[in-house]
Structure formats: structure tokens, C-alpha cells
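The structure appears right after this line, and notes come after that.
The values are calculated or read from the model by the stated rules, or taken from the named source; none is laboratory data. Because the structure is predicted, anything quoted here is derived from the model rather than measured. With ideal geometry, Cβ positions are generated from the backbone for all residues, glycine too; neighbour counts draw on all protein chains shown. Surface areas here come from the heavy atoms of the whole protein model, side chains and all, with no ligands, DNA or RNA. Shrake-Rupley method; radii C 1.70, N 1.55, O 1.52, S 1.80 Å.
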Amino acid sequence: MSRRPVDLSFFQSETAQRLRAEGRAEGRAEGRAERIQLLLDHRGVEVSEEERARIAGCTDMGVLDAWFVRAITASSVAEVFGPEGD
């Protein structure tokens with residue numbers, strides 16, 4: 001039984017590389033959002049389902065980084081989101 005060569009060029013293509021990069025970015029954002037929620041939970045800060053959804057739905061690493069830093073000392077989720085609700 002002979003095997004035909006498999007075309008793997010897609011996996012090296014620009015599209016595949018972009019998809020992998022997007023997947024990694026999404027994974028980092030998901031992980032950061034989970035850590036923010038874990039931090040708030042451990043600190044006893046009440047987080048509504050709507051607030052949890054907002055945190056989980058954020059994909060901007062700059063915003064997530066700011067929220068994480070604020071979550072270290074925040075006593076409410078409003079403090080995490082900041083004065084302008086970013």
C-alpha cells in the first residue's frame with residue numbers, strides 16, 4: 001500500500017500562522033480574565049453574573065492588565081472597572 005504525500009502547506013501559510021496567533025491571544029485573555037475573577041473571589045469581593053460576563057468577555061489585554069492590578073486592592077468590582085468604567 002503506497003501513501004500519497006499530504007499537502008501540509010496550509011499549516012505554514014500566513015492564514016494558519018494568524019489563526020494560531022489569534023488563538024494564543026484569546027487563550028491569554030481567557031486566562032487573565034479567570035485570574036481576575038479568582039483574585040476577586042479569594043478576596044471576598046462580590047461579583048454579579050453580569051460583571052463576570054463582562055470580565056470573561058473582555059479580549060483587550062491592556063484593559064485586563066489594568067483590571068488585574070486594580071483587583072489586587074479593590075473592595076468592589078466598580079473599583080476594578082475604574083472611574084470611567086473601562
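Take the conditions (1) open to solvent by 60 Å² or more (accessible area, probe 1.4 Å); (2) at pLDDT below 95; (3) not small (Gly, Ala, Ser); Cys58 misses just one of them, which is (1). Selection of first residues in the range 30-45 that are closer than 10 Å to Ala71 by Cα and of second residues that are among the charged types (D, E, K, R), restricted to Cβ pairs under 8 Å at least 6 apart or on distinct chains, gives the following pairs, ordered by first then second residue: Gln37/Arg52.
In this structure, Ala25 does not qualify as modelled with pLDDT of 95 or more, of a type outside the set (Ser, Thr, Tyr) and assigned to a helix (DSSP H, G or I).
Inspection of the range 66-79 identifies at least one residue that is within 17 Å of the chain's Cα centre (by Cα), open to solvent by less than 50 Å² (accessible area, probe 1.4 Å) and among the small types (Gly, Ala, Ser).
Checking the structure you have, find out if any residue of the range 12-22 is part of a helix (DSSP H, G or I), modelled with pLDDT under 95, open to solvent by 40 Å² or more (accessible area, probe 1.4 Å) and of a type in the set (A, V, I, L, M). Yes, the range 12-22 contains a residue that is part of a helix (DSSP H, G or I), modelled with pLDDT under 95, open to solvent by 40 Å² or more (accessible area, probe 1.4 Å) and of a type in the set (A, V, I, L, M).
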